[in-house]
Each structure stands twice: as structure tokens, then as C-alpha cells.
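The values are calculated or read from the model by the stated rules, or taken from the named source; none is laboratory data. Bear in mind that the values here come from a model prediction, so they are computed numbers and not experimental data. Virtual Cβ from ideal backbone geometry, glycine too; neighbours counted across all protein chains shown.
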Amino acid sequence: MSKLQPKLISTMKDYNKEQFGKDVIAGIIVAIIALPLSIALAIASGVSPEKGLYTAIIAGFFISLLGGSRVQIGGPTGAFMVIVYGVVMKYGVMGLTIATIMAGIMLIIMGLLKMGSVIKFIPYPITTGFTSGIALVIFSSQIKDFFGLKTGDLPAEFIEKWKVYFESFNSISIQTTLIGLLALLIIIFWPKVTQKVPGALIALLVTSVLVKVLNLDVATIGTKFANLSSDLPKFSLPTLDLEQIKMLIAPAFTIAILGAIESLLSAVVSDGMIGGKHRSNMELVAQGVANMMSGLFGGIPATGAIARTMANIRNGGRTPVAGIVHAITLLLILVIFMPLAKMIPLTSLAAVLIYVAYNMSEWREFKVLFKSPKSDVVVLLVTFFMTVLIDLVKAIEIGMILAAFLFMKRMSDVTSVNTNTFDASEEKDEDETVSLKDLRNPDEKIQLYKINGPFFFGAVDKFLSTLNQLQSHTEVLILDMTAVPSMDATALHALRRMFEISKHNHFDVYMVGINVQPLEALKKSGLNSKIKEEHYFKDLQVAMTYAQNK
């Protein structure tokens, strides 16, 4: 069980100056990486650039201060972009603020209810499917700015958006496209020069200078946002409306679930790199507080950012102090350099997000999953296409429901009910646990039902079908439960039906090798009394001998 104590408290016990120096350096480097991403993600999400920085500052600070991971870096991420944009378009910025705060409350409740370990049961094909789907949606949303297309307002639907692109491609701006390509090439190849300074920052600096010096006709942040604020984030309590809260429950829940999944995945990956162990429930509480505070200070949804967390680790960050330094550094950048952000070309920001989308796409994992069982491939493709063509909320819902049904089908397939009628002519099977050669049952009065695997609602149909095949002259039915690890309410109902048949047809039921959970379920339901105490056996051979000598 994950205890509710921030990792910051644990790491302070043996903290020293050497580690403080490493954390400060790592925090500053991560802040430089987060700067262009926060601005780009804010604009792509339909809000002003400073809101991205507010999120990285406020949410990043609280995720590090209260979080259950030593190295987690929080802030706006590409996964939220699609949801945030949809909420802003439908409910406005105020609606987004309310949804973000609601999501924060949900995350806190999830953490307090110890649901941190439950999140890990979301199947990998679902996370890969919606992550890859989000990547494609992010890529498609940047085409307009990357090529400088004159399209006007774009439709939200994926197919309709691409129809507009194809119809508007004759309005492509060569200057804009060349600047975008230059930014993309710098982002791709700059790491070969050095990994200390992020390629995205260099790309924005170089292209901003080129556009300004050469006086190019390329749209910039200043073109789109006339007033960029360098003011500190201000606390503001939104006006709450009950009807609006009801409408925002679904997107808020999606934000909460996605935030929980992404933050805990990031924490798991970082654990593997530093040999640590995060506190999942505390991480959820921290994510919840961070999102509430982000909403109250004018930010957007936030979660653990895997790429920034990895950069923190690679640069020596080993405690939450690095994340706190990252937030403070971004605060200083906001106050001092925010007015200069007006010069950044929109096509360069599009290049940053196109590169983010490529890294999110997980196309290699997508390809590998095609070699998995067909049921997993179906879940992957359904989640992917629903994310792209419909929306992320329904993609996760349908993906989980489909995965659950396919899992139950798979479990049903591996659970079997074997029937044996014992007489002198039978021979010993290789896998049979009892010797039959000395048994005499010429009238086929003793029958054995052996259940292999979990006895649950997906397997009950097999049991009932086999039960209907009982011979009218059966005197003893032996139910071998040795290979049944668990049993549910539907299985108990099937057993109740079995006892009704035994009473009607006047035969006895023996039970062999029942395990702890099925026995407890029988006792709780009262069905254990339907079998005489002397008819419970640990060994099948003993049960058979007893029945034979009856």
C-alpha cells in the first residue's frame, strides 16, 4: 500500500550540498526545455501562451512539492491538448478552469481512496491506442500554422479538418514553410551538437531572429496575441454554475483519468531509471492539488511529463528540489523575457509540436502490438480510431469495455469443465490425478465434474450445459474444485442450481479439493450446508473410494 507522504520529506533526511547542486542544474535545464513546450501547447490548446507557463510554474511546483516520485516533472503535456481544445471551444476558458479544478478534486479523491494501484490494470493496447491517436490529432492540428495556410477557423472533426487542408493548399506560404522546415531540422539534428541545450529552444531563437532581421511575412505569436502578459499568476475563483458543472463532469473525468495514467506511467518509467519506488496514491493527491491550483491561478490541466522527467534524471536530478527549481526558473523567465515571446513564429511552434507528436506516436510499439493476440489488436485499433475520429472520452470508455469483454472471453476459453463417468472399461489418462483401474461402476452411477480455472460468469454456461447432461440414474456427483482459484456470484448461482437438481434427482454431491476463496464464498452464501460435512474431501482417490463403498 502506497503511504500518503510526499517524497520531498523522505529525500530531505540524507540531503547534501552536492545533490543540491545537481538538482539546481537539472531544474534549470528542464525549465529551458519546458519553456517552448509550455508556450506551444498552450496556443495549440486554444488559450494564450502565458497560460502554458502558468501551468508549468504552478502545477510543476505542487507536483514536486507534494508528489510521490523523487524526480517527476509536471506541467502541460501533449496528451491534454485535444481535450483542452475541445473544452475551450465548447465551454470557453472559464469552462476549462472549472473542469480543471473538478479534475483536481477527482484526482485527490482517487489518491485518498488508494486507487493508485488500480490504474495499472488499464491494458497496454488502450494506452498505446489513445496515445498514438492523440499524436495523430496533434500532428493534424499543426498543418495550418506549419504551412501558413489561409483556412479561417478549422472544424474540430479530423476528416473535415483534412478536407479543409486539401481545399486550402493553394494558399501555402513558401516563407512560412521554409522557416517551419528549418525549425524542424534544428530540433532533429541539434542533439548531435549538444544535449545540454534543447533543440526546440535553439530552433525558436534562430527562426525568431531570421524572421525579424529579414522582415519575413511569417505569422508570429505577436500577430495572434497582441497583449502578452508578463504578470505573475493571479488567484481567481471561477463563478460556479450547477448546470455547467453537470456538463463538465465528463471532460473533467477524462482529464483526471488521463492525468492519473500519464503521471503514474511516467513515475514507473523513472523508477526503472533511478532504481526507486514511487508512492502512487500520494502522486495522485499531488496531481489533484496541482490541477486545482493551476485552475485557480489561470492555468490549464497538468500531469507528469515523461520527456521532461527523463531530462531531469539525465542531468542529475534525484529529488523533488529539481522540480521546484524548474518552476522557479520558469517564473523568472515569465517576468523577464515574456514580452520577447511575441517574436516567435507560429510555424516554429508547430514544428515543436510535430516533433512532440512523432515522439508520442509510439509507432514502434504500435507495430509490435500487431504481433499480439487478435483480441489485443482489436482493442488497439478500436481505441486508436475512436480517439482520432470521435473523441478521447469515448475511446477510453469503449476501449476499457471491449478489453474487459475480451478478457472475460479469454478467461472463459481457458476455464473448462471435464466430465468423467467411471467404470471398469476406462483407462487412466496421462493427466488424471486418480487411478481408475480398480474401480467398478458398471451402472455409471458415479460421475466426476472437474473444473479447471476461475469459476466465474464467463465459464458458468459450460458448467450448466454439462450439468444438463447428467444421467437420470446418477447416484453420486463428484465436483473436483482443486484447480479453481476463485469463484463469483454467478458461479454460486450455478451451484445452487446444481443442488436443486441433486435434490430433485436424489443424488449426492461430493466436493473435492476446494480452495480458500471458493470455500469462503460458499460459507458466506450458505451453500456449504447443502453438502454434508463428510462429503468434503481433500483427495479425489479418497472421494472415489468412499463413493464406491457407499
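Answer with yes or no whether Ala322 is at pLDDT 95 or above, under 22 Å from Ala260 (Cα atoms) and among the small types (Gly, Ala, Ser). Show your work before the answer.
Numbers: at pLDDT 95 or above: yes; under 22 Å from Ala260 (Cα atoms): yes; among the small types (Gly, Ala, Ser): yes.
Criteria met by Ala322.
The condition of being surrounded by 24 or more Cβ atoms within 10 Å (Cβ to Cβ), within 23 Å of Lys224 (Cβ to Cβ), assigned by TED's automatic domain parsing to the domain that holds Ser141 and at pLDDT 95 or above does not hold for Ile39. If the condition is being touching a Lys or Arg at 6+ places or on another chain (Cβ under 9 Å) and of a type in the set (D, E, K, R), then the range 311-353 contributes only Arg318.
Per the conditions (1) surrounded by 21 or more Cβ atoms within 10 Å (Cβ to Cβ); (2) at pLDDT 90 or above, the sole criterion not satisfied by Ile138 is (2).
Is at least one residue of the range 292-299 at pLDDT below 95 and under 14 Å from Arg70 (Cα atoms)? Lay out the reasoning, then the answer.
To start, the set of residues in the range 292-299 that are at pLDDT below 95 comprises 298.
Subsequent filtering for residues that are under 14 Å from Arg70 (Cα atoms) retains none.
No, that holds for no residue.
Residue check: Met106 meets all listed conditions (1) modelled with pLDDT of 90 or more; (2) closer than 19 Å to Ala351 by Cα; (3) under 18 Å from the mean Cα position of the chain (by Cα) but one, namely (2). Say whether the condition of being closer than 27 Å to Ile83 by Cα and touching a residue at least 12 places away in the same chain (Cβ under 8 Å) is met by at least one residue in the range 186-196. Yes, the range 186-196 contains at least one residue that is closer than 27 Å to Ile83 by Cα and touching a residue at least 12 places away in the same chain (Cβ under 8 Å).
Go through the range 461-519 and report how many residues are more than 19 Å from Ser529 (Cα to Cα), in a helix (DSSP H, G or I) and either in contact with a strand residue (DSSP E or B) (Cβ under 7 Å, 6 or more places away or on another chain) or among the polar types (S, T, N, Q) (or both). Of the residues in the range 461-519, 4 are more than 19 Å from Ser529 (Cα to Cα), in a helix (DSSP H, G or I) and either in contact with a strand residue (DSSP E or B) (Cβ under 7 Å, 6 or more places away or on another chain) or among the polar types (S, T, N, Q) (or both).
In this entry, Leu330 passes the filter for residues that are of a type outside the set (Asp, Glu), crowded, with 24+ Cβ neighbours inside 10 Å, on the phi < 0 side of the Ramachandran plot and not in a loop (DSSP other than H, G, I, E, B). Taking the range 365-393 as the search range and keeping residues that are within 14 Å of the chain's Cα centre (by Cα) and farther than 12 Å from Pro125 by Cβ, which one is surrounded by the most Cβ atoms within 10 Å (Cβ to Cβ)? Step by step, filter the range 365-393, then rank; the result is Thr387. Screening Glu243 with (1) touching a Ser or Thr at 6+ places or on another chain (Cβ under 9 Å); (2) without any contact (Cβ under 8 Å) to a residue 60 or more places away in the chain gives one miss only, at (1). Within the range 110-117, does at least one residue satisfy the condition of being within 22 Å of Gly323 (Cα to Cα), assigned by TED's automatic domain parsing to the domain that holds Leu248 and out of contact with any Cys (no Cβ under 6 Å at 6 or more places or on another chain)? Yes, the range 110-117 contains at least one residue that is within 22 Å of Gly323 (Cα to Cα), assigned by TED's automatic domain parsing to the domain that holds Leu248 and out of contact with any Cys (no Cβ under 6 Å at 6 or more places or on another chain). Restricting the range 341-364 to residues that are within 18 Å of the chain's Cα centre (by Cα) and of a type outside the set (Phe, Trp, Tyr), the residue that is nearest to Asn215 (Cα to Cα) is Ala357.
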